[in-house]
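Every read-out reported here was derived from the displayed coordinates using simple, explicitly stated rules and does not represent laboratory data. Predicted model only: the values in this text are computed from it and were never measured. Note that we place each Cβ from the backbone using ideal geometry, even for glycine, and neighbour counts take in every protein chain shown.
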Amino acid sequence: MSYYLGIDIGTFESKGVLVDGHGVIAATATRPHRMLVPRPGWAEHDAVRDWWLEFCSISKELIATSGVAPADIRSVGTSGIGPCMLPVDADGEPLMNAVLYGVDTRATLEIEELTDEIGLEELIRSGGNALTSQSVGPKILWLKKNRPDLYARTHKVLNSSSFLIHRLTGRYAIDHYSASSSSPLYDARTRQWSDRYAERIIAPERLPELLWTTDIAGTVNQFAADATGLAVGTPVTAGTIDAASEAVSVGVLGSGEMMMMYGSTMFIILVADSRVEDPRLWYGPWLFEGQHACMSGTSTSGTLTRWFQEQFARELDPQSALRQLAEEAETSPAGANGVLVLPYFSGERTPVHDPRAKGMVFGLDLTHQRADIYRGLLEGIAYGVNDILETYQSAGAPLRRIAAVGGGTKNRVWSQAISDVTGWRQAVCAKTIGAAFGNAFLAAVAVGDARRGDIQNWNPVEREIEPDARNRSVYASGYRTYKELYTRTKDLTVGLGR
């Protein structure tokens, strides 16, 4: 029997899965790691330790625990957090820690500079995206301005999946979907790197080769085979960003279908037949030629629940703390007894795009308990999601179905609050392993062993989260306060803290 290996590098852990040709999971493995925060507004990973060595360890464990012969693994699919910025030297060795996606706001000044120079209209016209903390181009400019010695030694700038692909195959490659987050370096009209910003930011030849996600980037070389336990010559796909693989894993393939990922952040992808141009949202070509994606995301969600656990639930067993906190939150009613949280603890991404935004716990009195604050935190994330969905609606983006995925779907308060606040039903599939499973499926598609529609059989819908009409009025009121609270306090919070 043939098998397909999928490995995903997340913000706080790496996951891997080995799947057969019917979507049956033969083995899974995970490895935890930490997001490094060397100073406020920065977020990093050690690419060798957190990405490559965990990939190798997971691959070996999957092969050992499943008993599958390496020769029976037909192909490998990878994904990782993105968009990231990792400069490497001529040998492909990292020159510094990887700068992570929108949670890293170090390039705020560069975003402003480039936006003023290029102009918002031209940015949207050429790349489909305004410059935000999610954009890789300003992060590279930050490198050029603040680490000129490292910039001078930079042979290529990679993201997480392209770094893994190079280690596995020796080829520098990146998929179009991931590359589109490199604004203003990717031209969405030509599907090519732009040489317009070669002098100002970086030359196209210092960026990876562009491929589509299910293109074969290369095959496992001897170095990678020794490190991973895979057979030499195993095909490796071009890979993609984790959220895209996660969307595929729950059957988000056609126009109007949306993936809502409950991860370290809330990340949302809507597939469309044509470009949706709106500076409040992100654009990218979808994984398959001829399709488009409209994306959005919060700056925190899972990171915020983890922060709350570490700071205010230290007495709980770390292995079960989040589950116990969720159970506590169920004792607090909808509306959290008047507690309202702005979840902007690392700035905010869509739709406000304000890296200086601050988090806030509002409405406290001496009767409130931890359960109220934690429920308010989860509801604050739900209000942020509603703000995003309203933005999609005003941008004219089609939406007909939402598929939810990620560990947060197991938190009943959180997932129910999102349906109650937004009014949308969420479909939850049987397998919730996420991006790693999507990578395995895309690996099967890449070698012709599966068709796109087969994902419905690999991972059928198991349940649906229905909006509870009884909570509509309390959440409608809470959402109005949520919107007004940010508007009224954003100027006051600029001077606070670090």
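Once both labels are positioned 7 Å from their Cα atoms along Cα-to-Cβ, the gap between THR65 and LEU109 label points is 4.7 nm.
Straightening the chain between GLU13 and ASP226 buys 74.4 nm, computed as 0.36 nm per residue apart minus the Cα-Cα spacing. Volume of the convex hull of region 282-376 (Cα atoms only), normalised per residue: 138 Å³. The value obtained for region 96-213, namely the Cα convex hull volume divided by the number of residues, is 100 Å³ per residue.
Reducing region 359-406 and region 203-258 to their Cα centroids gives an inter-centroid distance of 32 Å. Near ALA444, once Lys and Arg are set to +1 and Asp and Glu to -1 for all other residues with Cβ below 9 Å from its Cβ, the sum equals -1. Here region 153-229 was treated as a single set of alpha-carbon atoms; its pair distances binned every 10 Å from 0 give 19, 47, 26, 8, 0 percent. Annotation: extensible slack from ARG480 through LEU36 equals 156.3 nm (criterion: 0.36 nm per residue apart, minus Cα-Cα distance). Looking at the chain alone, DSSP beta bridges between its own residues are antiparallel in about 70 percent of cases. Around the amide H of ALA238, modelled in the peptide plane, lie the amide H atoms of ASP215, ALA217, all under 5 Å away and 5 or more residues distant in sequence or on another chain.
Rg over Rh for region 414-456 works out to 1.17, using Cα positions for both radii and the Kirkwood form for Rh. Each Cα pair under 8 Å and six or more residues apart adds its sequence gap; the mean of these over the residue count of region 1-147 is a relative contact order of 22 percent. May I ask you to list the lysines whose Cα is less than 25 Å away from that of LYS156, ignoring any residue fewer than eight positions away on the same chain? The qualifying lysines are LYS139, LYS144, LYS145. Each part reduced to its alpha carbon centroid, region 301-324 and region 330-351 end up 16 Å apart.
If a spin label sat at a point 7 angstrom from the Cα of ARG463 along the line to its beta carbon, the backbone N atoms of region 242-286 nearer than 19 Å would be those of 250-251, 260-263.
Dividing the summed helix terms, -39500 (n - 2.57) for each DSSP H run of n ≥ 4, by the number of residues in the chain produces a 222 nm estimate of -10500 deg cm²/dmol to the nearest 500. Please compute the modelled spin-label separation between GLN311 and ALA90, points set 7 Å along Cα→Cβ, answer in nm with one decimal. Between ALA90 and GLN311, the label points sit 4.7 nm apart. The lysines within cross-link reach of LYS431, meaning a Cα-to-Cα straight distance under 20 Å and a gap of 8 or more places when in the same chain, are LYS15, LYS410. The antiparallel fraction among DSSP beta bridges confined to region 3-243 stands at about 70%.
The alpha carbons of region 3-243 occupy a box of 57, 38, 30 Å along the principal axes, longest dimension given first. Taken over the alpha carbons of region 168-297 as equal point scatterers, the Debye sum produces base-10 log I(q)/I(0) values at 0.13, 0.14, 0.21 Å⁻¹ of -0.62, -0.71, -1.20.
Here the chain is treated with +1 on each Lys and Arg Cβ and -1 on each Asp and Glu Cβ, and its dipole about the Cα centre works out to around 360 debye. Rounded to whole Å, the principal axis extents of the Cα atoms in region 295-444 read 52, 36, 28, largest first. Express the relative contact order of region 371-463 as a whole percentage, based on alpha carbon pairs under 8 Å and six or more residues apart in sequence. Here the relative contact order equals 29 percent.
Dividing the convex hull volume of the alpha-carbon atoms in region 367-498 by its residue count gives 188 Å³ per residue. Note on region 3-243: dipole from Cβ charges, positive end direction compared against GLN192, SER162, SER66; the farthest Cα belongs to SER66.
Distance between the pseudo-spin-label points of ASP491 and LEU399 (7 Å out from Cα toward the beta carbon): 3.1 nm. Highest-first packing order for the peptide set 277-290, 430-443 is 430-443, 277-290, based on the mean count of other beta carbon atoms within 10 Å.
Computed over every Cα-Cα pair of the chain and binned at 20 Å starting from 0, the pair-distance distribution P(r) comes out as 25, 59, 16, 0 percent.
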